[in-house]
Amino acid sequence: IDSILNGLQRMVGGGAATAPKVTYDLTAPATFAPVRPAIKGRWTIPEPTGALMLDTRRLVVEPSGEHPAFDDAQWADNIPKLLQEKLIESFENFDLSHAPLRVSDEPADYQLLIGLRRFQVTLAPAATAEIAFSARLVARDGRVVASRLFQGSQALTTPDAAAAATAFDTAFQGLARSVVEWMAQASEGGGKG
């Protein structure tokens, strides 16, 4: 009976108010190698695709289950949109005049398609933030010009949300630099990679 009454209270707005979640964000890298090729062509980065469990704002923790240290935390946006936004910002920091668009009304010369594989905290054997995604540079005619798998991980200093957000940020910055440099070489060299 108590659980039914508590459920009714929550449904009609009664009961204790829930505390707001702490929101975390990623940081796009701002510095790159001083000598670098410009990215050529008009291109876009559509929203990354991936497993449904990654289309969330919450911090994904494996093994799944209850993890109170992560319950009151969330990302600034759903993980695929956050990844898209921060990759675009990384390219803007690299070369604003040749940065990608999210979508284009006119056909783009290229699309950088991102397939999100992992964006999670793995608790065993040691707490680690793991990011993995594939990247395919696809020409307007559907031809894959270049493709590569990007993977990065960073150990957490403590198994909690704040440490996880810091570890994700460190891992993401390294991966974002690699993606930008790879894309610049792929567009420069006709897509080897």
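Below are the figures for this structure:
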read-out	value
Selected residue (only one of Ala146, Ala124, Ala135, Ala108 is closer than 15 Å to Ala176 by Cβ and of a type in the set (A, V, I, L, M))	Ala135
Unique match (being part of a helix (DSSP H, G or I), of a type in the set (Ser, Thr, Tyr), more than 20 Å from the chain's Cα centre (by Cα) and modelled with pLDDT under 90) among Ser104, Ser97	Ser97
Residues that are hydroxyl-bearing (Ser, Thr, Tyr) and under 26 Å from Ala167 (Cα atoms), drawn from segment 81-129	Ser90, Thr122, Thr128
Output for segment 52-70, where each listed residue is within 22 Å of Ala162 (Cβ to Cβ), without any contact (Cβ under 8 Å) to a residue 40 or more places away in the chain and either of a type in the set (A, V, I, L, M) or open to solvent by less than 80 Å² (accessible area, probe 1.4 Å) (or both)	Thr56, Gly65
Matching residues in segment 74-89 - criterion: being open to solvent by 10 Å² or more (accessible area, probe 1.4 Å) and in contact with a Lys or Arg (Cβ under 6 Å, 6 or more places away or on another chain)	Gln74, Asn78
Output for segment 99-109, where each listed residue is within 25 Å of Ile131 (Cβ to Cβ), open to solvent by 60 Å² or more (accessible area, probe 1.4 Å) and not β-branched (Val, Ile, Thr)	Leu101, Arg102
Neighbours by Cβ (under 6 Å, 6+ apart or cross-chain): first from segment 93-119, farther than 26 Å from Thr56 by Cα; second of a type outside the set (A, V, I, L, M, F, W, C) and at pLDDT 85 or above	Ala99/Glu92; Pro107/Arg140; Ala108/Arg42; Ala108/Thr44; Asp109/Arg42; Asp109/Arg140
Matching residues, segment 117-138, being assigned to a strand (DSSP E or B) and either open to solvent by 10 Å² or more (accessible area, probe 1.4 Å) or among the charged types (D, E, K, R) (or both)	Arg117, Arg118, Gln120, Thr122, Thr128, Glu130, Ser134, Arg136, Val138
Selection count, segment 28-51, where residues are of a type in the set (Val, Ile, Thr), part of a loop (DSSP other than H, G, I, E, B) and either crowded, with 16+ Cβ neighbours inside 10 Å or at pLDDT 95 or above (or both)	2
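The values are calculated or read from the model by the stated rules, or taken from the named source; none is laboratory data. These figures come from a predicted structure and were not determined experimentally. Neighbour counts are summed over all protein chains in view; Cβ atoms, including those assigned to glycine, are modelled from backbone coordinates with ideal geometry. To get the accessible areas, we keep the full protein, side chains included, count just its heavy atoms, and leave off ligands, DNA and RNA. Shrake-Rupley method; radii C 1.70, N 1.55, O 1.52, S 1.80 Å.
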